[in-house]
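Notes follow once the structure below has been shown.
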């Protein structure tokens, strides 16, 4: 991707690689839109050590109209170590991810709508039921609007502090999870 070159010398080699890989993600989502469980693959692609390097990450959809919050996909570092690029055989890798303990715990999570209860997800003390149940010790969270009045919620535990530049990229990129069918 040539778009990463527009940043000139201000980015490190690893930051350029991150930008290139992230810019390719929308195309991968569109090419694989028919694959069930695609959000798991996208979450993995965002979260693994070659991207943002999270300890844990989870994606939820909050539907205030039906007063429900559902876990969609979970990532826990070290649970899944593919030998090839996950986008080469997406269905195969999603099948492997379905059996992972953290992913299963996230997908089993159900609650009343945070939006309806006016829970501020940026205040980690207000989401402690969610993060405590999943074993996310130092949670960070962000949310965004989805179609049909739903809200996406992304909760993650970084290995170290995420720099402002990466946080701004992350805030934009997690919205791609909303392009995946539920």
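All of the numbers you see were taken from the coordinates with simple rules; none came from a lab. Computed from a prediction, not measured in an experiment: that's the story for all the values here. Counting neighbours? That spans all protein chains shown, and the Cβs are built from the backbone with ideal geometry, glycine included.
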| note | Here D for region 1-98, in µm²/s, from Stokes-Einstein with a Kirkwood Rh over Cα pairs at 10 °C and 1.306 mPa s, works out to 106 µm²/s
| query | Label-point separation (nm) for residue 88 and residue 10, each offset 7 Å from Cα along Cα-to-Cβ? | reply | 3.6 nm
| Convex hull volume per residue for region 138-182, taking Cα atoms only, in Å³ | 77 Å³
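In deg cm²/dmol, rounded to 500, what helix-only [θ] at 222 nm does the chain give when every DSSP H run of at least 4 residues adds -39500 (n - 2.57) and the total is split over its residues? The partial results should precede the final answer.
Working: 6 runs with 63 residues, N = 182.
Here the helix-only value at 222 nm equals -10500 deg cm²/dmol.
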| Relative frequency of Cα-Cα separations exceeding 29 Å in the chain, percent | 18 percent
| task | Please list 146-153, 116-123, 72-79 highest first by mean number of surrounding beta-carbon atoms within 10 Å per residue. | result | 72-79, 146-153, 116-123
| query | With labels modelled as points extended 7 Å from the Cα through the Cβ direction, what inter-label distance (nm, one decimal) is found for residue 145 paired with residue 32? | reply | 2.9 nm
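What do you get for Rg/Rh of region 108-173 when both radii come from the Cα atoms and Rh is the Kirkwood radius?
Working: Rg = 12.5 Å, Rh = 13.0 Å.
Radius of gyration relative to Kirkwood radius: 0.96.
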| Based on the mean of other beta carbon atoms within 10 Å per residue, what is the order of 36-45, 60-69, most packed first? | 36-45, 60-69
